[in-house]
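S.K.: Please read through the structure below; I'll follow up with questions.
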Amino acid sequence: MKNRETMRFFYSPSDKYFIQENCKRYWPHEVEEVIERAALACENTFVFTHRWDMERCEDPYTFKNSIDWTFRFQGDFEWTVNLNRARFMAELGQAYWLTGEERFAASFIRLMKDWLRQNPVTEEEIHQSSARQYNVKDTWRKLDSGIRITNWLKGFFCIQESEQWGEVEQEAFIRALELHGLYLSIAYTPHDRQSNWGFLETNGLFQIALLFPEIEGASQWLRLAEERLEAMCELQVFEDGMHNEQSPMYHHEVLHCLFEPVLLANINQHPLPRKVRDTLNTMFTASLSWVKPDGRQPMISDSDHTDIRDILTQGAVLYQRGDLKSRGYAVVDYEGIWYFGENGMKNYQALPKREPAFGSTLLAQSGYSVMRTDWSEEAHYLLFDGGHMDIIRAHGHDDFLHFDLTVFGTDFLLDTGRYTYMENEERRYFKESFQHNTTSVDDFSISVYENSWSWGAIAQPTNGYWNSSQAFDYVQAGHTGYKRLEDPVDVLRQILFVKPYYWIIVDTFRSQAEHEFKQHFHFDEYIALDTASAVINAQANNGIGLNIISLEEAVVLEEQACWISKHYNQKAPSRKMTATQTGKGFTKFVTALVPWKQNETLDFSINKIDTFDTRNRKQAENEATAIEVKRGGSDAEVIVFSHQGPFSCQCSGAQMTGEVLLLKRQGEQEQTWVVKV
């Protein structure tokens, strides 16, 4: 018969010495941060600077008398949310094991009792809150409660060793588990089933039910949790492994809330539906697909500039995947040591690294595509968003056709981030399309901003296509966003990566009346710009550079100020460039993105050339665009984009058939590819 004594947590007292020694040996900075935040919590001072705090706040706040668990620092409810998610309770437990100082145990006990005293809840109140989606009050929201109880559990399994932990404390803690289990078992709606909230809630319910089977209702809660996890995996995670809210930040929150149940089930030899285990594995693959060369996630759709190598490391240990290890840390990460202990660390050390089986890739259901030269830290990397806005329209930004660009491992063009969830103009600023590396028409955003969490006239993707080979990557997509205008406009963006040298971007617009069209380019805050000529010359302080070359004479370039937000509650001034032209009928931008290194000769020229049909009739600008690129003496490419569908053309002494064509010349040798028929 199962009881609490037979169930194992991630770590037990026998692991303490190993955890102490290896966290201090390999991750002294993380140890220092954990102890510092725990020490602040001892003084009723709270700061939210953990790498995975979903809404970070660098400013510590001290409650001089009693704690107000509903307090909103600077009016931001997300601060209240972080306070009640209580990561500091897990860190108090970790600090107690790392230092042996009883003040951390005393503070855990004091804060637990204070929170329970100030925040009672009854079953009747839970049921009465159904009209509010079971969010009883600010301190009893569903997802926060799921997160909170997992943090309390992490602290409890350390603090229970203290002589200060007696029967009174044990009874209070068990009562807290009963309340959270009751609440989380009831407070589940169809929206939760479709949202990241459901996973965050269910992780808490699963852990209570599995680890404390003696609690009344635990066996039923465990069945509920397993059923919910399986149903949510089916509903929320695409076949390509991406969570359907299309946000790396929240993808990783969901991944975390699958990872913990799967690992606990493994530790306790508890069966889980195969769908749950397989879904988690595909989510790790999606994270690997779009990890940047520096190990960070892209900042698209309410995401921060967070290093995800810890996640890849944990996935490598759990599934024994050498491809995840190739982009993870050299040793198991700080939290991984607590999760996996000595055996996990040994297994990771013995696991051979394996380069991923893919490089450039398309996540077909979510619509993200990634172009990369290789898996090194000095790789070129372009992420393109050609997919729909997120399913529930919450964390999605108005970023159709946006792209991030990293060259030689250095970020140049970025999503501008999220900054805040408060209902204000700054929230709107970071969400509308003008603050993404996309295009706009007549200064209208692609969709219609309604408020912080909803959109109107939501654009839909059109004309998506992907092709990849050793010689090139190609992606295209359009959207319906400007079909709502009095004079509707068709939009298409095409990106061809001629590996490993440069990208060609062709943006086209079709309309009846005249419009003003813009391209937007947002640079990392550390990039210097020289715009004295028609070429945008961007350079990082490490000598890496990028030239942005426009091939359309009518384009007007303008440098502007912008903001970049790499973490919640933080923003830094940066620069953006807009390329503008007016036109009607058919209007296009043809742009080359050319990386370079300081002290290396950039032998590169690019020009538009003529194309002819099979009867030797010269093609018009609205029929085809042909480009000749010369590199390093005898190396050259000819690239043709048809604007009238597939056709047979003559260009630069060659005849080719298709819609997008690539010809490479090296000396006397010549090779052609039909990129898109």
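The values are calculated or read from the model by the stated rules, or taken from the named source; none is laboratory data. As the structure is a prediction and not an experimental result, all values here were calculated from the model. Here the Cβ positions follow ideal geometry from the backbone for every residue, glycine too, while neighbour counts run over all protein chains shown. Heavy atoms of the whole protein, side chains included, go into the accessibility calculation; ligands, DNA and RNA do not. Shrake-Rupley method; radii C 1.70, N 1.55, O 1.52, S 1.80 Å.
S.K.: Can you confirm whether Phe647 is open to solvent by less than 40 Å² (accessible area, probe 1.4 Å), modelled with pLDDT of 95 or more and under 42 Å from the mean Cα position of the chain (by Cα)?
M.R.: In short, no.
S.K.: Just checking, does segment 326-344 include any residue being open to solvent by 10 Å² or more (accessible area, probe 1.4 Å) and under 29 Å from Gln460 (Cα atoms)?
M.R.: No - not one qualifying residue is present in segment 326-344.
S.K.: Now a separate question. Among the numbered conditions (1) touching a Ser or Thr at 6+ places or on another chain (Cβ under 6 Å); (2) open to solvent by 30 Å² or more (accessible area, probe 1.4 Å), tell me where Glu377 comes up short.
M.R.: (1)
S.K.: Let me ask something else. Which condition number in (1) more than 21 Å from the chain's Cα centre (by Cα); (2) among the acidic types (Asp, Glu); (3) within 27 Å of Ala364 (Cβ to Cβ) is the one that Glu342 fails?
M.R.: Answer for Glu342: the failing condition is (3).
S.K.: Separate question: Quick test for you: out of Ile67, Ile109, pick the one residue that is part of a loop (DSSP other than H, G, I, E, B), closer than 30 Å to Ile19 by Cβ and more than 25 Å from the chain's Cα centre (by Cα).
M.R.: Ile67
S.K.: While we're here: Could you tell me how many of the residues in segment 430-463 are among the aromatic types (Phe, Trp, Tyr) and outside any strand (DSSP E or B)?
M.R.: Going through segment 430-463 one residue at a time, the tally reaches 3.
S.K.: Between a first residue in segment 614-637 that is closer than 26 Å to Lys499 by Cα and a second residue that is open to solvent by 30 Å² or more (accessible area, probe 1.4 Å) and hydroxyl-bearing (Ser, Thr, Tyr), which pairs have beta carbons less than 7 Å apart while being 6 or more apart in sequence or on different chains?
M.R.: Glu628/Ser652; Lys630/Ser605; Arg631/Tyr501
S.K.: Report, by residue number, each residue of segment 508-530 that is of a type in the set (Val, Ile, Thr) and touching a Leu at 6+ places or on another chain (Cβ under 6 Å). Please lay out each step first, then the result.
M.R.: Just the residues of segment 508-530 that are of a type in the set (Val, Ile, Thr), to begin with: 508, 527.
The answer is Thr508, and nothing else.
S.K.: Ok, one more. Please give the helices (runs of 4 or more DSSP H) falling wholly within segment 185-281 in which 1 or more residues are in contact with a strand residue (DSSP E or B) (Cβ under 8 Å, 6 or more places away or on another chain) and polar (S, T, N, Q).
M.R.: On the way: elements: 190-194, 196-211, 218-236, 248-267.
Output list reads 196-211, 218-236.
S.K.: Let me ask something additional. Kindly indicate whether any position in segment 101-124 is acidic (Asp, Glu), in contact with a Leu (Cβ under 7 Å, 6 or more places away or on another chain) and either under 20 Å from Arg175 (Cβ atoms) or buried (at least 18 other Cβ atoms within 10 Å of the Cβ) (or both). Steps first, please.
M.R.: So in segment 101-124, the residues acidic (Asp, Glu) come out as 101-102, 114, 123-124.
Remaining after also requiring in contact with a Leu (Cβ under 7 Å, 6 or more places away or on another chain): 123.
Restricting the remaining residues to those that are either under 20 Å from Arg175 (Cβ atoms) or buried (at least 18 other Cβ atoms within 10 Å of the Cβ) (or both) gives 123.
For segment 101-124, residues acidic (Asp, Glu), in contact with a Leu (Cβ under 7 Å, 6 or more places away or on another chain) and either under 20 Å from Arg175 (Cβ atoms) or buried (at least 18 other Cβ atoms within 10 Å of the Cβ) (or both): present.
S.K.: Sticking with this one: Counting residues that are among the basic types (Lys, Arg), which strands (runs of 3 or more DSSP E) fully inside segment 477-552 reach at least 1? Break it down stepwise before answering.
M.R.: Numbers: elements: 490-498, 502-522, 528-530, 535-539, 544-550.
In segment 477-552, the matching strands (runs of 3 or more DSSP E) lie at 490-498, 502-522.
S.K.: Here is a follow-up. Only one of (1) open to solvent by 40 Å² or more (accessible area, probe 1.4 Å); (2) assigned to a strand (DSSP E or B); (3) aliphatic (A, V, I, L, M) fails for Met422. Which number is that?
M.R.: (2)
S.K.: Pairs needed: first member in segment 12-34, at pLDDT 95 or above; second member anywhere, open to solvent by less than 40 Å² (accessible area, probe 1.4 Å) and not in a helix (DSSP H, G or I); C-beta distance under 7 Å; at least 6 residues apart or different chains.
M.R.: Ile19/Tyr11; Tyr26/Val331
S.K.: Here are Val674, Val629: which of them is aliphatic (A, V, I, L, M) and surrounded by 20 or more Cβ atoms within 10 Å (Cβ to Cβ)?
M.R.: Residue meeting the stated conditions: Val629.
S.K.: Please find, within segment 66-97, the residue that is modelled with the lowest pLDDT out of those that are touching a Lys or Arg at 6+ places or on another chain (Cβ under 7 Å) and more than 14 Å from Trp140 (Cα to Cα).
M.R.: Out of the qualifying residues, it is Trp79.
S.K.: For segment 522-573, which residues satisfy the criterion of being surrounded by fewer than 19 Cβ atoms within 10 Å (Cβ to Cβ) and among the small types (Gly, Ala, Ser)?
M.R.: Ala528, Ala532, Ser533, Ala534, Gly543, Ala554, Ala561, Ala572
S.K.: So if I check each of Met89, Met7, Met54, which one is touching a residue at least 40 places away in the same chain (Cβ under 8 Å), more than 28 Å from Ala330 (Cα to Cα) and surrounded by 19 or more Cβ atoms within 10 Å (Cβ to Cβ)?
M.R.: After ruling out the rest, the residue left standing is Met89.
S.K.: While we're here: If you scan segment 451-464, which residues turn out to be open to solvent by 50 Å² or more (accessible area, probe 1.4 Å) and within 14 Å of Arg484 (Cβ to Cβ)? Walk me through how you get there before you give the answer.
M.R.: At the first step, the residues of segment 451-464 found to be open to solvent by 50 Å² or more (accessible area, probe 1.4 Å) are 451, 453, 457, 460-461, 463-464.
Correct list: Ala457, Gln460.
S.K.: I need the full set of residues from segment 158-175 which are surrounded by fewer than 20 Cβ atoms within 10 Å (Cβ to Cβ) and either assigned to a helix (DSSP H, G or I) or modelled with pLDDT under 95 (or both), in order please.
M.R.: Glu167, Val168, Glu169, Gln170, Glu171, Ala172, Ile174, Arg175
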